[in-house]
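The values are calculated or read from the model by the stated rules, or taken from the named source; none is laboratory data. No experiment lies behind these values; they were computed from the predicted model shown. Cβ coordinates were reconstructed from backbone atoms using ideal geometry, including for glycine residues, and neighbour counts include every protein chain displayed.
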Amino acid sequence: MKLFSPNFPVSVRSIFSARIVAMLLLSLLPVTDALAELTIDITQGAEGATPIAVVPFGAPAGLQLPQDVAAIISTDLRRSGRFKPLAKSRMISQPHDATQIAYREWQALGMNHLLVGKVSPDGTNSYRIRFQLFDVYKREQLTGFTITTSRENLRASAHHIADIVYEALTGEKGAFDTRIAYITEDRSNNKRTLTLNVADSDGYNPQVIVTSKEPLMSPAWSPDGRKIAYVSFEKGKPAIFVQEVFTGKRSKISSFKGINGAPAWSPDGKRLALTLSRDGDANIYIMDLVSRRLQKLTSHYAIDTEPAWSPDGKHIVFTSSRGGQPQLYRKAVSGGKAERLTFEGKYNARGSYSPDGKSLLLVTRVNGDYRIAVLDLQQGDMRVLSDGRFDESPSFAPNGRMIIYGTRSGRKGELAEVSVDGSVRQRLSLQQSNVREPVWSPYNRRQ
Amino acid sequence: MKTTLIMVLSFCALLTLAGCESMSGDKEDTGEGAPVEDVTGQGAEDDGSASTSAAMGSSSWSRESLDDPDSPLYNKVIYFAFDQSGIQPEYQDILKSHATFLSNNPDIHITIEGHTDERGTREYNIALGERRAQAVRTFLRLEGVNMDQMSMVSYGEEQPAALGLDEASMAANRRAVLVY
């Protein structure tokens, strides 16, 4: 669905074609024009991950499933770094419910937990998935549900089950059934095309939501996961747009003279922090999204940019060059003095809070290389989590356990994920395009 | 002499800005390391380049000179040091030529593009690119160009001129471009 004429340098699409979207229980809707999917390559596995067996789900003979539900769950659990799923080839039996389980067999394989399930048809293009998670030693069920889903939502349902399993075993919410937004850049035949995309957190189901020949940058999810703010240079200068992900409807919310950049949603979704240079210098402003009224938060002749909200909405962390080089500062939204937060190294930028507000994710320079680090706000110590030369744009999963960021493989832009303890790494790459500026969505709207 | 004057004027401009800051009622600590060199350029010692612009027969320049490889106006790109926005002495002559041309042709308008290399974060680079464009604009203004003749846009690292990640490519990307 193009909202602009073909000669306009930008086209905006809804994810789900022109369909009116009903927010149902399990609601990832059909792929309309899937592009090349991001391929995942796990580059470093975790030691000390908990063994778990995810048995291929049973299905009646002749039922062709579009997705291998158990394989999706298994990959999700492995990606988290907390679990080490057993290879299918090592399974002695493949039970589908409690009556078929030989616990001793799974104990002998060193498994702590066992997930079994089956998928059965439930009318046309609809399925019923029944799954049960067992403690192999106690021989008891830890959790189990039956969920109804559609053919199109089968992947999303698998991620949802992975979230339920993850939470049952770790006590923490899973973030598999979430999405990522990212920018791609294609250079072919001397033409450059930039796109803003939304995909599942594992890179599947990519959807283009904006295409432009001019730079697109700084995507930011609204807290309800239904809108994305971004910067577009489509008119030859930067402007901030807010676009509804499901309908493609968008509005230009900032196009002042100079910089219009770094949009960041307040936790309540009612305000947007942004960078403007309309008064000459790059400063942080807060815009009320209903009245469009602006509050000038910082007023300094140095560069102030890259605002991010604390989870309680009371503070903004931002990058400032006021000390001579970029460092992170924090200021109360109500005003007052800016407090410097980073002192290690000569380049610390693009801070963002962890979901619990206890640490900051940032980009730091280490011996000339730009890397992703986490700063513990209580202890003050900084841990570097990446090992590239040009790592940037880090973003926390909504449960704070994983981080996605942009990196380079040679010249090519790729995405990388790392668990917050640094134990598990994976790369997400596109064969053709450069990928960059990933941002992890909030929890899925079903929660 | 002239560069000294530029420095003084730029510094005054800075002071004026700083004055505006305190008037806006912001209580931030502005005492640390004011980046004075960002605006003033680094050419204070280069006396030789400061007096050359008037001797170039500038009145004969026409719009065509912009596309003439033998004209000083042909060159429309200047380069910057890493993470800096000061005008380096070797580029002052280029800017002075353009300043002379623009002040003699007040109906001609330019856009000053600011760019950075790919190191560092993207939005910070947008701001850094704008600093570079501002430094050029300030230089041209002090050389007599009317503010109405100049607009600015910063692309940060989004429009690299060279695609490599080696030092030479990155140096080629740290630039400001005068677009007529």
Worksheet, complete the sentence: Of the candidates B:Ala135, B:Ala161, the one satisfying the condition of being surrounded by fewer than 21 Cβ atoms within 10 Å (Cβ to Cβ) and at pLDDT 95 or above is B:Ala161
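Quick one: is A:Leu77 touching a strand residue (DSSP E or B) at 6+ places or on another chain (Cβ under 6 Å) and within 30 Å of A:Asp41 (Cβ to Cβ)?
Working: touching a strand residue (DSSP E or B) at 6+ places or on another chain (Cβ under 6 Å): yes; within 30 Å of A:Asp41 (Cβ to Cβ): yes.
Spelling it out, A:Leu77 is indeed touching a strand residue (DSSP E or B) at 6+ places or on another chain (Cβ under 6 Å) and within 30 Å of A:Asp41 (Cβ to Cβ).
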Worksheet entry | The lone exception for A:Pro60 - which of (1) at pLDDT below 95; (2) not in a loop (DSSP other than H, G, I, E, B) it fails | (2)
Discussion item. One residue is enough: does the range A:273-286 have a residue meeting the conditions in a strand (DSSP E or B), more than 22 Å from A:Ala175 (Cα to Cα) and in contact (Cβ under 8 Å) with a residue 60 or more places away in the chain?
Written reply: no
Fill in: Options B:Tyr180, B:Tyr91, B:Tyr79: the member that is away from every other protein chain (no Cβ under 13 Å), among the aromatic types (Phe, Trp, Tyr) and more than 30 Å from A:Asp369 (Cβ to Cβ)
B:Tyr180
Discussion item. Residues to consider are A:Gly123, A:Gly81; find the one that is crowded, with 18+ Cβ neighbours inside 10 Å and in a loop (DSSP other than H, G, I, E, B).
Written reply: A:Gly81
Worksheet item: Of all residues in the range A:251-277, which are more than 21 Å from the chain's Cα centre (by Cα), within 14 Å of chain B (Cβ to nearest Cβ) and crowded, with 16+ Cβ neighbours inside 10 Å?
Response: A:Ser254, A:Phe256, A:Gly258, A:Ile259, A:Asn260, A:Thr275, A:Leu276, A:Ser277
Response to the item:
With criteria (1) free of Cβ contacts under 8 Å to residues at least 60 places away in the same chain; (2) under 24 Å from the mean Cα position of the chain (by Cα); (3) part of a loop (DSSP other than H, G, I, E, B), A:Lys237 comes up short on (2)
Worksheet item: Of everything in the range B:162-180 that's in contact (Cβ under 8 Å) with a residue 60 or more places away in the chain and in contact with a His (Cβ under 9 Å, 6 or more places away or on another chain), which residue is nearest to B:Ala81 (Cα to Cα)?
Response: B:Arg174
Response to the item:
Per the filter on the range B:168-177, residues within 11 Å of chain A (Cβ to nearest Cβ) and surrounded by fewer than 17 Cβ atoms within 10 Å (Cβ to Cβ) are B:Ser169
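Tell me, please, whether a residue that is more than 14 Å from chain B (Cβ to nearest Cβ), over 25 Å from the mean Cα position of the chain (by Cα) and not β-branched (Val, Ile, Thr) can be found in the range A:293-313.
yes
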Worksheet entry | Count - residues of the range A:317-341 that are over 17 Å from A:Pro394 (Cα atoms) and among the β-branched types (Val, Ile, Thr) | 1
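For the range B:103-127, give me the residue count where each residue is closer than 15 Å to B:Ala176 by Cβ and more than 7 Å from chain A (Cβ to nearest Cβ).
Keep residues of the range B:103-127 that are closer than 15 Å to B:Ala176 by Cβ, which gives B:110-117, B:125-127.
Still in the running and more than 7 Å from chain A (Cβ to nearest Cβ): B:110-117, B:125.
Selection size over the range B:103-127: 9.
Looking only at the range A:334-350, count every residue that is surrounded by fewer than 19 Cβ atoms within 10 Å (Cβ to Cβ) and either within 11 Å of chain B (Cβ to nearest Cβ) or in contact (Cβ under 8 Å) with a residue 40 or more places away in the chain (or both) and tell me the total. Walk me through it before giving the result.
Narrowing the range A:334-350 to residues surrounded by fewer than 19 Cβ atoms within 10 Å (Cβ to Cβ): A:334-337, A:339-341, A:343-346.
If we keep only those that are either within 11 Å of chain B (Cβ to nearest Cβ) or in contact (Cβ under 8 Å) with a residue 40 or more places away in the chain (or both) too, we end up with A:335-337, A:339-340, A:346.
The total comes to 6.
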Worksheet item: Would a scan of the range A:396-418 turn up a residue that is crowded, with 24+ Cβ neighbours inside 10 Å, at negative phi and of a type in the set (Asp, Glu)?
Response: yes
Item to complete: Quick one: count up the residues across the range A:392-424 that are hydrophobic (A, V, I, L, M, F, W, C) and not in a strand (DSSP E or B).
Response: 3
Worksheet entry | Positions within the range A:364-400 being acidic (Asp, Glu), more than 23 Å from A:Lys173 (Cα to Cα), within 23 Å of the chain's Cα centre (by Cα) and more than 14 Å from every other protein chain (Cβ to nearest Cβ), in sequence order | A:Asp387
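Conditions (1) away from every other protein chain (no Cβ under 14 Å); (2) in contact with a His (Cβ under 6 Å, 6 or more places away or on another chain); (3) surrounded by 23 or more Cβ atoms within 10 Å (Cβ to Cβ); (4) among the polar types (S, T, N, Q), marked per residue:
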{"position": "A:Phe145", "(1), (2), (3), (4)": "yes, no, no, no"}
{"position": "A:Arg151", "(1), (2), (3), (4)": "yes, no, no, no"}
{"position": "A:Ala156", "(1), (2), (3), (4)": "yes, no, yes, no"}
{"position": "A:Ile161", "(1), (2), (3), (4)": "yes, no, yes, no"}
{"position": "A:Lys173", "(1), (2), (3), (4)": "yes, no, no, no"}
{"position": "A:Asp186", "(1), (2), (3), (4)": "no, no, no, no"}
{"position": "A:Asn189", "(1), (2), (3), (4)": "yes, no, no, yes"}
{"position": "A:Leu194", "(1), (2), (3), (4)": "no, no, yes, no"}
Practice prompt. State yes or no: is A:Arg427 within 14 Å of another protein chain (Cβ to nearest Cβ) and not in a loop (DSSP other than H, G, I, E, B)?
Written response: no
Worksheet entry | Residues located in the range A:300-341, provided they are closer than 26 Å to B:Gly156 by Cβ and among the basic types (Lys, Arg) | A:Arg322, A:Arg330, A:Lys331, A:Arg340
